[in-house]
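The values are calculated or read from the model by the stated rules, or taken from the named source; none is laboratory data. This is a predicted model, so every value here is computed, not measured. For neighbour counting, all protein chains shown are included, and Cβ atoms are generated from backbone atoms with ideal geometry for every residue, glycine included.
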Amino acid sequence: MKRIRASVIQPLLPDDDVAERHGWTSVEDPFDTELDHEKVFFNEYLTLAMRVDRWVVPGPLLKAHLREAEEKLLEKKSLERLGRKAKADLKVMVLKKLRRQLVPVTKSYDLVWNVNDGVAFFFSHSNKTHELVQELFERTFKLRLLVESPGTAADRRGLVAEEQRAFAALEATSLATMEVAS
């Protein structure tokens with residue numbers, strides 16, 4: 001529980017230098033970060049949600065505010081144009097100002113781990129999300145996740161020698177073909 005609590009999501013703040021943050025929350029409520037044994041364990045199952053918070057500032061909104069801030073700065077300093085560094089600094093300032101008026105986009109993904117069987121189920125099709133949960137899981141539990149495959153399932157089942165030989169002799173079979181329309 002100590003390691004889980006250490007990996008609970010920390011809310012994004014407008015002045016943070018990061019645009020995205022992830023961490024554990026309750027599977028029942030993605031805004032519940034006060035995790036205890038009763039919220040995490042159900043019999044032999046450990047259940048958590050990985051919440052991902054991300055700042056999303058719409059491009060046209062950023063562009064309009066950036067143009068307005070640039071015009072004010074040019075007028076204030078009596079300049080004709082801003083240098084690259086000044087523009088970059090201005091963009092950071094405008095982004096932080098806009099973040100104070102917005103809330104981060106929040107997504108939550110459930111993870112269920114049968115600690116007796118050693119099998120974890122994670123519900124997402126996104127490769128990026130898989131990488132995030134794998135990194136968070138490994139950092140929290142100091143265990144490496146393996147993607148389920150026929151080989152890992154066979155290893156987990158504990159095949160006898162004859163079954164291992166039969167499994168090793170299997171060849172991949174295509175169950176579908178893709179036809180190209182002419």
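Just a yes or no: is a residue in the stretch 138-148 in contact with a helix residue (DSSP H, G or I) (Cβ under 8 Å, 6 or more places away or on another chain), of a type in the set (Asp, Glu) and modelled with pLDDT under 90?
No, that holds for no residue.
Can you tell me which condition residue 12 does not meet? The list is (1) assigned to a loop (DSSP other than H, G, I, E, B); (2) within 15 Å of residue 133 (Cβ to Cβ); (3) in contact with a Phe, Trp or Tyr (Cβ under 7 Å, 6 or more places away or on another chain), and all the others hold.
(2)
Please go through the stretch 139-152 and pick out each residue that is under 17 Å from residue 112 (Cβ atoms) and not hydroxyl-bearing (Ser, Thr, Tyr).
Correct list: 141, 143, 145, 146, 147, 148.
Give the residue that is farthest from residue 9 (Cα to Cα), with candidates limited to residues of the stretch 109-141 that are within 14 Å of the chain's Cα centre (by Cα) and of a type in the set (A, V, I, L, M).
The extreme case among them is 111.
Over 21 Å from residue 56 (Cα atoms) and of a type in the set (Lys, Arg): which single residue out of 156, 99 fits that description?
Within the list 156, 99, the selection yields 156.
Assess whether residue 12 counts as being over 24 Å from residue 121 (Cβ atoms), buried (at least 16 other Cβ atoms within 10 Å of the Cβ), assigned by TED's automatic domain parsing to the domain that holds residue 134 and within 22 Å of the chain's Cα centre (by Cα).
Taking the combined requirement at face value, the residue satisfies it.
Any idea how many residues of the stretch 65-90 are among the aliphatic types (A, V, I, L, M) and farther than 22 Å from residue 17 by Cα?
Matching residues across the stretch 65-90 total 4.
Of all residues in the stretch 158-182, which are closer than 29 Å to residue 130 by Cα and either surrounded by 10 or more Cβ atoms within 10 Å (Cβ to Cβ) or of a type in the set (A, V, I, L, M) (or both)?
Answer for the stretch 158-182, where residues must be closer than 29 Å to residue 130 by Cα and either surrounded by 10 or more Cβ atoms within 10 Å (Cβ to Cβ) or of a type in the set (A, V, I, L, M) (or both): 159, 167, 168, 170, 172, 175, 176, 178.
Quick check on this structure: which one of 131, 138 is closer than 30 Å to residue 29 by Cβ, in contact with a Leu (Cβ under 9 Å, 6 or more places away or on another chain) and either of a type outside the set (A, V, I, L, M) or loosely packed, with under 15 Cβ neighbours inside 10 Å (or both)?
The unique qualifying residue is 138.
Of all residues in the stretch 118-138 being part of a loop (DSSP other than H, G, I, E, B) and in contact (Cβ under 8 Å) with a residue 12 or more places away in the chain, which is nearest to residue 42 (Cα to Cα)?
Within the stretch 118-138, the match that is nearest to residue 42 (Cα to Cα) is 118.
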